[in-house]
Amino acid sequence: MYLYETHLHTVQASLCGRSFGREYIKPYQDLGYTGIFVTDHFMGGNCAVDRSLPWKEFVYRFCAGFEDARNEGAKHNFQVFFGWEETFDGDDFLVYGLTPEWLLEHPEVRYWTRKEQYDAVHAQGGCVVQAHPFRERDYISTVHLSPKLSDAFEVVNIGNTPQQDASARKYAQKHALRMTAGTDIHSVTQVTPELLSGMAFEKPLRDIQDYVRAVQGHMEYTLIVPPGREFDGEPPFPVLPVDVRDENDRSIPVPNPLF
């Protein structure tokens, strides 16, 4: 099997990142991974790049962690793909399939709504994954769920509790959503068999479009679940208020039962 990390942050572009892009390559390769996706926090989230910069300068700096990782990966025959993580009202989305070159020419991404993001990314042949959808933190006021504006839900995320991951999995199953897994890694100190997640494929990905096709249901894969992450009980209803969005990014009544 060919293993890929799908959710990774660097110190160059994520305020919460602790490691340079290049530092991830050897540790992941030593544990049998074939590639990583660099998904630093974008405009609406915990971005380390000054948002007041001219757009092209912002993009160059935002992509620094990815470029750093890609250059190091090329030396070791290790694949590195580009993505980003955008935040709206405490809810996060992983965007895959668009390039840094595309980003340079599209400053309007700064103002996208959830619907505009989903439609525009699809128009460019990419995909959108709602990251850790049932996460509850002190900086999050509401659990926003957007099953109609996502190609998949991330149902394994090491920043979540096993119960929160179980909620995401059960919700995705109820709504026939595709499911992904990623570590949401911020430091090379977390590159251990006990923590790493991601996705496993029978063949290496030829390019990021292979990954998009997989997320959209055209290729098979296996979720990598670290030991001790299983949760067999009934997932609890979130403590925070729940807001479900429709295909037009409007709030709709929360179904009962939720799962």
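Derivation of every value follows stated rules applied to the coordinates shown; laboratory data play no part. These numbers come from a predicted model, not from an experiment. Don't worry about glycine lacking a Cβ; one is built from the backbone with ideal geometry, like all the others, and counts go over all protein chains shown.
Taking the Cα centre of the chain as origin, sum charge times position over the Cβ atoms of Lys and Arg (+1) and Asp and Glu (-1), and report the length of that vector in debye to the nearest 20.
On the way: 24 positive and 37 negative charges, 33 e Å.
So the magnitude is around 160 debye.
The order of Leu94, Leu177, going from fewest to most other C-beta atoms within 10 Å of their C-beta, is Leu177, Leu94.
With helices as the sole contributors, the chain gives -6500 deg cm²/dmol at 222 nm; each DSSP H run of n ≥ 4 counts as -39500 (n - 2.57), and the sum is divided by every residue.
Rounded, prolate or oblate: which fits the range 2-252, taking a ≥ b ≥ c as square roots of the Cα gyration tensor eigenvalues, rounded meaning a/c under 1.5, else prolate when a/b beats b/c? Walk me through the intermediate numbers first.
Details: a/c = 1.44, a/b = 1.11, b/c = 1.29.
Note, shape of the range 2-252 comes out rounded.
Could you tell me how far the Cα centroid of the range 1-75 sits from the Cα centroid of the range 109-179, in Å? Here the answer is 20 Å between Cα centres. Spin-label model, Asp210 to Phe237: label points 7 Å out along the Cα-to-beta-carbon direction sit 4.5 nm apart.
Once you sort the root eigenvalues of the Cα gyration tensor of the range 20-100 as a ≥ b ≥ c, which label holds: rounded (a/c under 1.5), prolate (a/b larger than b/c) or oblate (the other case)?
On the way: a/c = 2.42, a/b = 1.67, b/c = 1.45.
It is prolate, given that a/c is not under 1.5 and a/b is the larger ratio.
Is the shape of the range 132-259 rounded, prolate or oblate, going by the alpha carbon gyration tensor and its root eigenvalues a ≥ b ≥ c, with a/c under 1.5 for rounded and a/b larger than b/c for prolate? Mind dumping the intermediate values first?
Numbers: a/c = 1.86, a/b = 1.28, b/c = 1.46.
Here the range 132-259 falls in the oblate category.
Taking 31 Å as the limit for the C-alpha separation, the pairs Lys26/Lys170; Lys115/Lys174; Lys26/Lys174; Lys56/Lys174; Lys115/Lys170; Lys115/Lys203 exceed it in the case of Lys26/Lys170; Lys26/Lys174; Lys56/Lys174; Lys115/Lys203. As a proxy for reagent exposure, Ser141, Ser150 were ordered by neighbouring Cβ count within 10 angstrom, fewest first; the result is Ser141, Ser150. Annotation: the residues Glu101, Glu116, sorted from fewest to most other C-beta atoms within 10 Å of their own C-beta, follow the order Glu101, Glu116. When the Gaussian network model of the chain links Cα atoms closer than 10 Å, the mean-square fluctuations of Leu31, Leu195, Leu15 top out at Leu31.
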